[in-house]
1. When only residues in segment 279-315 that are within 17 Å of ARG384 (Cβ to Cβ) and of a type in the set (D, E, K, R) count, which is modelled with the highest pLDDT?
2. Scan segment 372-384 and report the pairs whose first residue is modelled with pLDDT of 95 or more and whose second residue is acidic (Asp, Glu) and surrounded by fewer than 19 Cβ atoms within 10 Å (Cβ to Cβ), with Cβ atoms within less than 7 Å and a gap of 6+ or a chain change.
3. Here is a list: ASP247, ASP227. Which entry is farther than 16 Å from HIS411 by Cβ, assigned by TED's automatic domain parsing to the domain that holds LEU337 and in contact with a Leu (Cβ under 8 Å, 6 or more places away or on another chain)?
4. Here is a list of conditions, (1) of a type in the set (Gly, Ala, Ser); (2) surrounded by 12 or more Cβ atoms within 10 Å (Cβ to Cβ); (3) closer than 25 Å to ILE122 by Cβ, and ALA73 meets all of them except one; can you say which number that is?
5. Among the residues of segment 118-139, count how many are at pLDDT 90 or above and either assigned to a loop (DSSP other than H, G, I, E, B) or of a type in the set (D, E, K, R) (or both).
6. May I ask you to list pairs of residues, at least six apart or on different chains, whose Cβ atoms are under 6 Å apart, with the first in segment 315-328 being touching a residue at least 24 places away in the same chain (Cβ under 8 Å) and the second being surrounded by fewer than 18 Cβ atoms within 10 Å (Cβ to Cβ) and charged (D, E, K, R)?
7. Which numbered condition trips up ARG283, out of (1) touching a Phe, Trp or Tyr at 6+ places or on another chain (Cβ under 6 Å); (2) crowded, with 16+ Cβ neighbours inside 10 Å?
8. Residues to consider are THR143, THR148, THR190; find the one that is of a type in the set (Ser, Thr, Tyr), touching a residue at least 60 places away in the same chain (Cβ under 8 Å) and out of contact with any Ser or Thr (no Cβ under 6 Å at 6 or more places or on another chain).
Amino acid sequence: MTVLLITLISVFPHQYEITCENRSIEVESERIEFQDYVPLKTIVEVLNVNYVLNNANQRLYLTGGGHKLVLMANINTVVYDGVYQNVPFAPLYISQEVYFPVNAITSTLGKSFEKLIFIKEIKEAPLIDKISIIARGDSSVVTFEWKTPIEFDVQFSQKRVIIEIDGRYKNKINSKAKSVKSIKLSTFETYTQIEFDVENVNSFFERPHEVVFYNKITEEVRLIVIDPGHGGIDPGAVGKKGLYEKDANLGIALELKKLIKDSLKIDVLLTREKDIYLSLRERTNIANRNSADLFVSVHCNAAAKNKSKSRGFETFFLSEAKTDEARAAAALENAALKFDGIVPTDEISFILHDLAQNVYLEESNSFAEHIQASAEKSLSIPSRGVSQAGFYVLHGAFMPAVLVECAFISHVDEENLLKQKQFRKKVAHSIFRGIQTYIKDYERRLNN
Ligand SMILES: [Zn+2]
């Protein structure tokens, strides 16, 4: 029978400092089958023992202090002063070198030659491959590239930013952000510090690979992004009479676009103008990439079977759900994540970590109030008020952002209404009026 021995050598070696009688050496280990091995040849000098390797029989003869130790490659037995002894680890013979486990050096070699050996792992700070500062919309973004995530800390005031990263950096920093006036890079063995001056930074937020400094100074609303929910392979909720939510949403959004274009001096961008699929993430990204000032995601609600009488118009902003119904609405909309292979998990954690929407919490709430008030005034269906819940599509939006549930597709009367172009126009008009009054209010506050 042939035994095939596969030796795995890891790409990430560890560094050890081995000290004996005031001599010390730094040696790099090889990770072999979950153990750190070091070549014995490099450490015998520190131990002050003689090293003779017989490549023919793969035996290593170590002598010193009147003792003789013979190691045999791949065998758990040594010959110590002429006596055979078992040892917990066999030395390995690789490329004409004998390797020994780091954690067995003291017990085997130290004991044999009556020496005190100290072994310390040198924990080197991980390496940062690249740091760049780029402009993204109205923001400056510091991006990091590394093989495994490294922790960092941000301190910032309106004009000065200090980022301290627990890693080593050997390159320069590329900056393409106009708002960054100067950069001071300080590199140390265990950490890296970047210090730079910025103009008018209002807030920042962190992601695992970047820090975004938000320095938008909006005095007027220039662009609004309307997001017709669902599309393509994702029909959204489906009514009893076969109406797809994605079609109702698009119908309302197209009407809304027309109204804004015709009466407000604002650009409008729809995340989709056709029946195509877009991920939830991409919808917010479109708004962020285009530096949109407002974001409205258009949906229709569907109730669970035991709540089939639920009906009406409701406006949401992103925050922790307060009622089961709000939670259910968010769960229904977040279910679209499955088309991207994402299992929606912890609702709370992404809301709390969403510093982008946290900055706009008050504004998003106020935006929702305006839309809801308008719908309450002009629509014949009930007003369900403003609610908050963890809608993933609003996550990471850098602007006041709301999600409207125009009516219940699960309610037969409302499904019938949603099928009618006239009703869609009415809904679009009430959202439009809400946007209009909100903008007036928002701009007045921004310019005060
Ligand atoms: Zn929906």
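The values are calculated or read from the model by the stated rules, or taken from the named source; none is laboratory data. Please read these numbers as outputs of a predicted model, since none were measured by experiment. Positions of Cβ are backbone-derived with ideal geometry, glycine not excepted, and every protein chain shown enters the neighbour counts.
1. Ranking the candidates gives GLU314 first.
2. SER383/GLU376
3. When all the criteria are applied, what remains is ASP227.
4. (3)
5. Adding up the residues that qualify gives 2.
6. ALA321/ARG327
7. (1)
8. Details: THR143 fails: out of contact with any Ser or Thr (no Cβ under 6 Å at 6 or more places or on another chain); THR148 fails: touching a residue at least 60 places away in the same chain (Cβ under 8 Å).
Answer to the check: THR190.
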